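The structure under discussion appears below in the form of structure tokens.
The values are calculated or read from the model by the stated rules, or taken from the named source; none is laboratory data. Being a predicted model, the structure only gives us computed values, none of them experimental. So basically every Cβ, Gly included, is an ideal-geometry build from the backbone, and we count neighbours across all protein chains shown.
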Amino acid sequence: MAIRERLSGNEAIAFAMKQINPDVMGAFPITPSTEIPQYFAAYVDNGQVDTEFIAVESEHSAMSTCIGAQAAGARAVSATSSCGLCYMTEMLYIAASDRLPITLAVSCRALSGPININNDHSDAMGVRDAGWIMLFAETNQEAYDNFLQAMRIGEAVNLPVMICQDGFITSHAIENIDLVEDDKVKEFVGEWHPEHYLLKKGESMSMGAYATPVYYMETKRAQAQAMIDAKDVIKKVGAEFGKMTGRTYDLIEKYMMDDAEEAIIIMGSSAGTAKEAINELRAQGKKVGLIKVRSFHPFPAEEIVDALKNVKAFATMDKDDSYNGHCGPMHAEVTASLMAAREFGPLGINYIYGLGGRDVKVESIEKVFAELEKIAATGELGETYRYLEVRE
């Protein structure tokens, strides 16, 4: 029987860590992820886990700690947000290129400047090319479930995994949540037995060696293949998790998409708001739907192309801007996916929304669908790069 509880997203992540009982946690506090190491430190102090908790002087050092531990053959975890994630950037690249399956919880928050501590996805999107698997959660339940699956996924392909949730919106809000029993978690996650690690007796190896041009590209090609391979692993682990809990996970979630003529593509907690808007519009006879991206990396290109095959117009919703003058990061991925598949049918526009915690209401999403309805009817895109709910 699942354990019914009321937890914030940060509490849920810390509880998942407790159930997994990792070997090492390197941590430095930053809003809104501070509660994760705070709660977990209490588990360490109470003797509920065997984890070596290492409080360091910066986020750069926190990730360095995890890299050293994971390279030595231990399971390592951390948590951060916003500028803390930026400060880790150098080490994020090293963790991925050294193929170390570290698990990092990110409570997403806007980047400075101007200074802002509220939610958007600019921190996670800022390090999207570091080579980490990136899973996003809509709810506290999904944040917890994603963390339980992360180690299985990362260790299968030897890549680190970033578990992202929306700062304050899910990290601090309390929701009903179903926790998996401890014994089932331990059986599901299993133990990690790396083939090669620094402290393996009788084996000499180098970690972080200099790669000359003769070898560098081959290491990157192998890293890229691991990300490609992660797609099937994410699906397999999500299906197995579903058999255990009744909550099955894939790369994307489709909502009311069977006969949808207009659709939005979105990530994170705003998907819940969008679903409510879709329910209201469906009651009015509108054929609208939603594609929620769970895995940003690896990006579900084929799955999104297939989900859009009968759609007349779509909007990609980016809670971040690339400042390239024409679209946000997810819209670039979606349109590239359609181009690669030679699928040019759906008419697509991009909305930048929710920056710095700007409120996104049901009415906001309904405005997007109203625009899509016009585009579907007229075939005229108009401006493809738009800001939602902003004072122009």
statement: Considering region 129-173, residues that are in a loop (DSSP other than H, G, I, E, B) and either of a type in the set (D, E, K, R) or at pLDDT below 95 (or both), and then whichever is surrounded by the most Cβ atoms within 10 Å (Cβ to Cβ), we arrive at GLU138
query: Given the residues ALA224, ALA211, ALA230, which is the only one that is surrounded by fewer than 13 Cβ atoms within 10 Å (Cβ to Cβ) and of a type in the set (Gly, Ala, Ser)?
result: ALA224
message: Restricting to region 214-249, name every residue that is more than 13 Å from ARG99 (Cα to Cα) and among the β-branched types (Val, Ile, Thr).
response: VAL214, ILE228, VAL233, ILE234, VAL237, THR245, THR248
field: Near pairs, Cβ below 8 angstrom, 6+ apart or cross-chain, from region 315-326 (among the β-branched types (Val, Ile, Thr)) to any residue that is buried (at least 20 other Cβ atoms within 10 Å of the Cβ) and part of a loop (DSSP other than H, G, I, E, B)
entry: THR316/CYS327; THR316/GLY328
message: Residues that are of a type in the set (Val, Ile, Thr) and closer than 22 Å to ALA340 by Cβ: list the strands (runs of 3 or more DSSP E) wholly contained in region 218-300 that include at least 3 such residues.
response: 262-266
message: Among the residues in region 344-365, are any assigned to a strand (DSSP E or B) and more than 12 Å from ILE264 (Cα to Cα)?
response: yes
- request: Considering every residue within region 4-12, establish whether at least one is assigned to a loop (DSSP other than H, G, I, E, B), crowded, with 19+ Cβ neighbours inside 10 Å and touching a residue at least 60 places away in the same chain (Cβ under 8 Å).
  value: no
message: For region 98-128: of the residues being assigned to a helix (DSSP H, G or I) and out of contact with any Ser or Thr (no Cβ under 7 Å at 6 or more places or on another chain), which is farthest from ALA12 (Cα to Cα)?
response: GLY126
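A quick yes/no check of all residues on (1) among the polar types (S, T, N, Q); (2) touching a residue at least 60 places away in the same chain (Cβ under 8 Å); (3) out of contact with any Asp or Glu (no Cβ under 9 Å at 6 or more places or on another chain):
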residue	(1), (2), (3)
HIS172	no, yes, no
ILE177	no, yes, no
GLU195	no, no, yes
VAL214	no, no, yes
ASP232	no, no, yes
PHE241	no, yes, no
ASP250	no, no, no
